[in-house]
1. Check off (1) within 26 Å of Ala89 (Cβ to Cβ); (2) under 22 Å from the mean Cα position of the chain (by Cα) for Gly240 and give me the number that stays unchecked.
2. Pairs, please: C-beta under 9 Å, at least 6 apart or cross-chain, first residue of a type in the set (Val, Ile, Thr) and in region 30-56, second more than 11 Å from the ligand (Cβ to nearest atom)?
3. Those residues that are in contact with a helix residue (DSSP H, G or I) (Cβ under 6 Å, 6 or more places away or on another chain) and closer than 28 Å to Ser141 by Cα, I need them from region 92-102; list them, please.
4. Restricting to region 210-230, name every residue that is in a helix (DSSP H, G or I) and open to solvent by 10 Å² or more (accessible area, probe 1.4 Å).
5. Can you name the number of the only condition in (1) within 14 Å of the ligand (Cβ to nearest atom); (2) surrounded by 23 or more Cβ atoms within 10 Å (Cβ to Cβ) that Arg111 fails?
6. Report the residue count in region 38-59 for those that are open to solvent by 30 Å² or more (accessible area, probe 1.4 Å) and either within 13 Å of the ligand (Cβ to nearest atom) or charged (D, E, K, R) (or both).
7. Do the conditions hold for Leu104, that is, is it within 16 Å of the ligand (Cβ to nearest atom), at pLDDT below 95, surrounded by fewer than 23 Cβ atoms within 10 Å (Cβ to Cβ) and not aromatic (Phe, Trp, Tyr)?
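The values are calculated or read from the model by the stated rules, or taken from the named source; none is laboratory data. No experiment lies behind these values; they were computed from the predicted model shown. Glycine also receives a Cβ, built like all others from the backbone with ideal geometry; neighbour counts cover every protein chain displayed. Just so you know, the surface numbers come from the protein's heavy atoms only, side chains and all, with ligands and any DNA or RNA stripped out. Shrake-Rupley method; radii C 1.70, N 1.55, O 1.52, S 1.80 Å.
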Amino acid sequence: MTVIPRSHPRYRSLLVRAGLSEKMQAGLVVPEGLMAHGRGEAFDYLLGERTSPSAARAERSAAARLWLARRPVVSVNGNVAALASREVASLAKVIPHLRVEVNLFHRTPRRAELVAQELRSAGVREVLGVRPTARLRGLASDRSWVDPEGILRADVVLVPLEDGDRAQALRRAGKFVIAVDLNPLSRTALVADLPIIDELTRALSRLRVEALRLRSASRAVWRREAAAMDGASALREALGTIEERLVKLSKGLARGRSGPYGRAPSTAARGSARPKRRRPPAGARRYRSRPGTSRRP
Ligand code: PTJ
């Protein structure tokens, strides 16, 4: 087993990766899940690895939606179980009518059971979708399998790390879809009613805090909070966050200020630096360019 030094600047990220690959070896996460994680990490770099103000607003709005819902369900796949079972369990404790359902793209009975076990040992009392008997219409993959007591009858579905096809199928089935995805350009984020552009564990922890804050509010307050963010604004503002951050970083680098992780690269290494004019070696012949001719013979 690789030892990860605590002093490593990306200690937490390396620890999460090590945990995911361990859970892949145990069969909970699929190899494709590691790729999905890498994609998420890349977008998290662009977002500054923190919850943006617009994501925080989307999280508050999502919490209000979950309170307003009659039959809300959170859908859990291998990556979600590996990364955030505790956060799922805590959220379900705060919102008692929120049901938890296993939903897998790469479904096998063993993986469904492993995901359910992971959720149960984190404190989820009831796990749906282990042996689903219903199917969502218009979806060819195994993601279409749903629990008749869960997603099939749900009015609001919280789908972290979803694929676009199912998000679309859920919407077609009349559900309100709340997605958690770091990539504001993913089909899931584009299709969802309310995309939360944030990292999964941060998003679920904030959802819990907001759900607690709104727990004893009136339905009128829930309605107002739920309507305070819409899908298009969530996407536009997330792209705006990335744009602002990139512009700020590139301006800083152009002025020779320190980059996001320490000193800026030396002027010679920077692409924007003007190349130094080299003296020709002594005795070298010089070629003069004439208009319309190439500089070199
Ligand atoms: O366990 P299974 O069989 O259901 O398979 C799960 C995966 C994740 C393999 C499957 O759903 C998949 O292939 O997902 P995609 O289509 O790769 O989409 C994953 C999305 O989640 C990408 O848009 C990533 O940017 C995003 N993502 C990855 N890690 C995180 C994340 N978003 C938020 N937080 C993360 N930690």
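1. The one condition Gly240 does not meet is (1).
2. Note: pairs meeting the criteria are Thr51/Glu59; Thr51/Arg206.
3. If the condition is that a residue be in contact with a helix residue (DSSP H, G or I) (Cβ under 6 Å, 6 or more places away or on another chain) and closer than 28 Å to Ser141 by Cα, then Leu98, Val100, Glu101, Val102 are the ones that fit.
4. Glu210, Leu212, Arg213, Arg219, Ala220, Val221, Trp222, Arg223, Arg224, Glu225, Ala227
5. Among (1) within 14 Å of the ligand (Cβ to nearest atom); (2) surrounded by 23 or more Cβ atoms within 10 Å (Cβ to Cβ), the lone unmet condition for Arg111 is (2).
6. Kept after step one, since they are open to solvent by 30 Å² or more (accessible area, probe 1.4 Å), are these residues of region 38-59: 38-39, 41-43, 45-46, 49-51, 53, 57.
In the following step, the residues that additionally are either within 13 Å of the ligand (Cβ to nearest atom) or charged (D, E, K, R) (or both) were identified as 38-39, 41-43, 45-46, 49-51, 57.
So the count comes out to 11.
7. Details: within 16 Å of the ligand (Cβ to nearest atom): yes; at pLDDT below 95: no; surrounded by fewer than 23 Cβ atoms within 10 Å (Cβ to Cβ): yes; not aromatic (Phe, Trp, Tyr): yes.
Here the answer is no, as Leu104 does not meet what is asked.
A quick yes/no check of all residues on (1) surrounded by fewer than 24 Cβ atoms within 10 Å (Cβ to Cβ); (2) away from the ligand (no atom under 16 Å from the Cβ):
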position: Leu152; (1), (2): yes, yes
position: Pro160; (1), (2): no, no
position: Gln168; (1), (2): yes, no
position: Leu182; (1), (2): no, no
position: Arg202; (1), (2): yes, no
position: Arg208; (1), (2): yes, no
